[in-house]
Structures are given as structure tokens and as C-alpha cells.
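Worksheet for the structure shown next.
A short reminder: the numbers here are calculations on the coordinates, not readings from a lab. Predicted model only: the values in this text are computed from it and were never measured. Counting neighbours? That spans all protein chains shown, and the Cβs are built from the backbone with ideal geometry, glycine included.
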Ligand SMILES: [Zn+2]
Ligand SMILES: [Zn+2]
Ligand SMILES: [Zn+2]
């Protein structure tokens with residue numbers, strides 16, 4: 001009972017507030033416990049221009065227990081699982097207090113996009129890249145924002161993917177489309193292939209030790225896709 | 001002109017007097033931070049404001065809550081016995097509050113968390 005009253009209040013407060021840049025919607029008019037949150041990627045980050053959707057599940061004990069949140073939009077970030085969207089953020093776990101609200105929590109997620117914590121990762125692979133190859137991290141994160149988080153209204157952005165131009169998604173990273181096609185034809189998902197090639201710094205397979213390089217990429221891909 | 005009063009109704013209003021820990025009276029905050037209802041209303045589980053749904057003031061900090069709200073929070077192990085607003089250890093002053101079941105229960109929860117903390121500290125040192 002107390003949960004329902006509070007959520008209703010929070011929704012109302014959030015609707016009236018047009019400043020914060022986050023919004024909340026009920027998935028179903030009659031159910032106050034399943035919501036979707038939306039916010040924009042912070043400017044000056046690889047997430048700029050993206051609109052991120054967060055799935056919100058409210059436990060019976062809310063607000064005494066934190067809301068369960070995960071990203072619905074695929075996102076490349078050390079503290080968010082690139083596979084499941086699970087989030088590693090202290091306030092959604094043991095640092096939760098009942099004075100926090102759904103709106104506060106979404107704003108905290110927005111700041112998490114601004115300031116990743118690679119030393120407390122949710123996605124170890126992404127965190128490793130963030131620490132060892134920042135440039136590669138930024139380009140993958142930017143690419144993911146473009147293909148997964150751009151909304152129709154923001155699709156004015158040039159070079160946005162969706163595969164309108166064949167190979168444009170690979171070209172964003174300066175990767176030879178032939179290289180991507182080769183692994184795609186072996187059955188690896190295109191996005192994973194581009195991600196792995198970018199992480200390894202491979203732009204083309206036309207090198208002297210081609211078969212050795214192919215094997216290295218293959219190994220990475222097998223690990224990535226297991 | 002002569003007026004005869006034939007009947008009258010008394011009307012009164014009241015507010016909780018919220019005190020900060022330096023003794024200065026005044027509203028520290030108008031809403032219970034836990035249920036987000038004004039202090040002059042009740043917690044979500046009560047019908048009648050006032051003595052049936054009393055407020056409690058933290059002694060270590062200056063934060064007020066409906067006693068029913070802070071009880072629910074302190075029942076959570078994850079609360080670690082801390083004030084939800086400032087994360088200091090939550091303690092109330094038994095002298096300043098009525099001796100009712102609720103406040104006895106509050107005392108129990110505060111003591112319980114203190115014991116847990118002490119136990120945690122010894123394991124940590126070992
Ligand atoms: Zn309350
Ligand atoms: Zn009450
Ligand atoms: Zn406090």
C-alpha cells in the first residue's frame with residue numbers, strides 16, 4: 001500500500017518537472033510497479049545524442065529496498081553489462097536509502113555515463129579496454145550509441161548506422177568491410193565482429209601474416225561469442 | 001445592537017513542533033523523507049495524524065520521520081541502522097518520546113544494529 005502511494009507521488013512529481021531531463025512511464029496504466037525510464041546521454045561523452053531506456057521493477061518493499069533497474073538500450077560502458085544491461089551502481093545496491101527516488105536514480109545513471117568507474121566493473125571486458133585502450137573504448141561506445149540509442153528524432157546525425165550504406169558501420173572505425181564480411185560469413189554477428197576488430201586495432205586483413213591474424217581474431221571472437 | 005450567541009463551534013489547528021538538535025525550534029524539513037508526506041499528515045499506513053502516528057527526531061542528527069516509517073527502514077538489515085538522510089547512526093532520545101510500544105520497538109532495532117556493528121568491527125580487526 002505504502003509503495004503504491006509513493007510511486008504515484010513520484011510519477012506526478014516527475015511529470016511536473018521538465019528540467020531534469022529524465023522521464024518515467026508506466027508500462028501498463030494499471031500497474032504501478034513496472035516502469036520505463038528515459039534519459040539522454042550526457043553531452044561531451046560517447047553517449048551524446050543517444051536516448052537510453054531503463055527497465056524499472058519496483059519490489060514489494062520499496063522504498064525500503066531499491067528499485068531494480070537495467071538498461072534496455074544496449075550500451076558500451078564498464079559498469080553496465082554489454083549483454084544483459086545489468087548495472088553496477090552502489091545506490092541501486094547497498095548504498096540505497098529510502099529518501100532516494102526513481103528520478104534521483106535515473107539522474108545517477110546519467111552521471112554514471114559521465115563518470116565510469118572501471119575499477120568496480122560490471123563488464124570486465126569493457127573495463128579492461130577502458131583502462132588499456134581508451135581510444136578504442138570511446139569509438140566502440142560512440143558506435144553503440146549510434147546504432148542502438150539514436151532515436152528517429154535524432155537520426156539527423158550523419159553516418160548513423162542501421163546499414164543504409166553497406167559497410168558504413170565498419171567504416172565508422174576505419175575497418176575494411178571485407179574483413180567484417182569474412183567473419184560474418186562464418187556466422188559471427190556483425191556487431192560483435194566490428195567490436196572485436198576495433199578492440200584489437202585490426203583495420204584490414206590484407207597484411208603479410210594474414211592467416212596468423214585471422215586466427216587471432218577468430219580466437220577473440222570465439223571467446224566473445226561463447 | 002444586542003447579539004445573543006446561541007451556539008458555537010471551536011476550531012483549532014495544530015502542527016508538529018519539529019526541533020533541531022541544537023534546541024532551536026523550527027521546521028527542518030516539511031516532508032517525511034521516507035514516505036514524502038508532510039509531517040502534519042500520516043504515514044501511508046495510518047488514518048489519523050497526531051498521536052496515532054507520531055514523529056521521531058534523530059538524536060545524532062536533526063532529521064525527523066514518522067516513527068512508523070523509520071521503523072520500516074531500520075527493519076531492513078541493509079539500513080545498517082543509519083539515518084536515511086545523512087547516514088549517521090540513527091538514535092532517538094527515549095526521554096523526549098512517549099513510552100509506547102512503537103518507541104520500545106525503535107529502541108530494540110537501534111540496539112540490534114549497534115550489536116551488529118560491534119560484531120562487524122571485531123571480525124574486521126581479527
Ligand atoms: Zn513518513
Ligand atoms: Zn503511521
Ligand atoms: Zn540524519
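How big is D, in µm² s⁻¹, for segment A:33-143 by Stokes-Einstein at 37 °C and 0.692 mPa s if Rh is the Kirkwood radius over C-alpha pairs?
Working: Rh = 14.2 Å.
My calculation gives 231 µm²/s for D.
Modelled label-to-label distance, residue A:5 and residue A:20, 7 Å Cα→beta-carbon offset: nm?
Result: 2.0 nm between the two label points.
Tell me, what does the Kirkwood hydrodynamic radius of the protein assembly as shown come to in angstroms if you use every pair of distinct C-alpha atoms?
Values: mean 1/r = 0.0413 Å⁻¹.
Kirkwood radius, the protein assembly as shown: 24.2 Å.
Using only Cα atoms, find the angle between the long axis of helix B:101-125 and the longest principal axis of chain B, and express it within 0 to 90 degrees, rounded to the nearest 10.
The answer is roughly 20 degrees.
Estimate the FRET efficiency between residue A:226 and residue B:86 by the formula 1/(1 + (r/R0)^6), using the beta-carbon distance for r and 35 Å for R0, to the nearest 0.05. Intermediate values should be presented prior to the final figure.
Numbers: r = 47 Å, r/R0 = 1.33.
Computed FRET efficiency for residue A:226 and residue B:86: 0.15.
Using the number of other C-beta atoms within 10 angstrom as an exposure proxy, rank A:32, B:31 with the fewest first. Before the final figure, lay out each step's value.
On the way: A:32 18, B:31 13.
Final ranking by Cβ density, sparse to dense: B:31, A:32.
Is there a simple number for the mean count of other chain Cβ atoms within 10 Å of the Cβ of residues in B:37-44, and what is it?
Numbers: counts 4, 0, 0, 0, 0, 0, 2, 7.
Mean partner-chain Cβ count within 10 Å for B:37-44: 2.
I need B:68, B:9 ordered by Cβ neighbour count within 10 Å, fewest first. Kindly include the intermediate steps, with their values, before the conclusion.
Numbers: B:68 23, B:9 4.
Lowest to highest Cβ neighbour count: B:9, B:68.
If you take the beta carbon distance between residue A:48 and residue A:190 as r and set R0 to 30 Å, what does 1/(1 + (r/R0)^6) give as a FRET efficiency, to the nearest 0.05?
Efficiency for this residue pair is about 0.80.
Please work out the Cα convex hull volume for segment B:27-118 and give it in Å³ per residue. Could you put the intermediate results ahead of the total?
Details: hull volume 8.5 nm³, N = 92.
Convex hull of Cα atoms, per residue: 92 Å³.
Residues of B:72-79, mean number of Cβ from any other protein chain within 10 Å of their own Cβ, rounded to a whole number? Could the numbers behind the result be given before it?
On the way: counts 5, 5, 1, 2, 5, 0, 9, 4.
Mean inter-chain Cβ contacts per residue within 10 Å come to 4.
Could you list A:200, B:1 in order of exposure, starting from the residue whose Cβ has the fewest other Cβ atoms within 10 Å?
Values: A:200 15, B:1 2.
Lowest count first: B:1, A:200.
Can you give the angle from 0 to 90° between the axis of helix A:102-114 and the longest principal axis of chain A, with both taken from C-alpha atoms, to the nearest 10?
Around 30 degrees separate the two axes.
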